Amino acid sequence: MIDLKGKTILIAEDEDFNYKFLERVLIKLGAQVIRAYNGKEAVELVSSDVQFWVLLLDLKMPVMTGYEAIHLIRNAGYKIPVLAVTAYAFSEDRDKAIAAGCDDYISKPFEIQDLIELLKKYL
């Protein structure tokens, strides 16, 4: 497993079911979780005083997409690890997310262990 005690994770996800699933998994692993309902809120939270360990970013959201959000986050100089968590499942979607500035990518639906392995890369 992985111990996320002391880690604050930002989840940018507009779908309640997807957010609740991620929240439950991450809290069981010891993390503190904060939610952004869209890309605009994610950008605002990243630029706040909260020190996030990682951002789990849905790419398809209302108000501002994950692609737009990662562009603004990287252009502002924030180095937070950003993991695209999306239903886009083709290899070109992964390449597009990485090219946009995401550090890594996982497609929905995914196994909990796959998420844990991905998070371990950023410890």
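The values are calculated or read from the model by the stated rules, or taken from the named source; none is laboratory data. These figures come from a predicted structure and were not determined experimentally. Neighbour counts run over all protein chains shown; Cβ positions are idealised from the backbone, glycine included.
Quick grid of which residues meet (1) under 15 Å from the mean Cα position of the chain (by Cα); (2) modelled with pLDDT of 95 or more; (3) of a type in the set (A, V, I, L, M):
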{"site": "L55", "(1), (2), (3)": "yes, yes, yes"}
{"site": "P81", "(1), (2), (3)": "yes, yes, no"}
{"site": "A89", "(1), (2), (3)": "no, no, yes"}
{"site": "E111", "(1), (2), (3)": "no, no, no"}
{"site": "L119", "(1), (2), (3)": "yes, yes, yes"}
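Against the conditions (1) closer than 22 Å to V25 by Cα; (2) in a helix (DSSP H, G or I); (3) basic (K, R), K60 satisfies every one except (2). If only one of V54, V43 is in contact (Cβ under 8 Å) with a residue 12 or more places away in the chain, under 21 Å from K121 (Cα atoms), among the aliphatic types (A, V, I, L, M) and surrounded by 17 or more Cβ atoms within 10 Å (Cβ to Cβ), which one is it? Matching residue, one of V54, V43: V54. Among the residues of the range 70-102, those identified as assigned to a helix (DSSP H, G or I), charged (D, E, K, R) and under 23 Å from W53 (Cβ atoms) are R74, R94.
It is to be established whether one or more residues within the range 78-101 are polar (S, T, N, Q) and in contact with a Leu (Cβ under 6 Å, 6 or more places away or on another chain).
Yes: one or more hits.
Going by the conditions given, is I2 out of contact with any Ser or Thr (no Cβ under 9 Å at 6 or more places or on another chain), within 21 Å of L123 (Cβ to Cβ), buried (at least 18 other Cβ atoms within 10 Å of the Cβ) and not basic (K, R)? No; evaluated as a whole, the condition is false for this residue. Pairing residues of the range 7-34 that are more than 17 Å from V85 (Cα to Cα) with residues that are of a type in the set (D, E) and outside any helix (DSSP H, G or I), at Cβ distances under 6 Å and at least 6 apart in sequence or on separate chains, gives G30/D3.
Only one of these is of a type in the set (S, T, Y) and outside any helix (DSSP H, G or I): Y19, Y105, Y67. Name it.
On the way: Y19 fails: outside any helix (DSSP H, G or I); Y67 fails: outside any helix (DSSP H, G or I).
None of the others qualify; the one that does is Y105.
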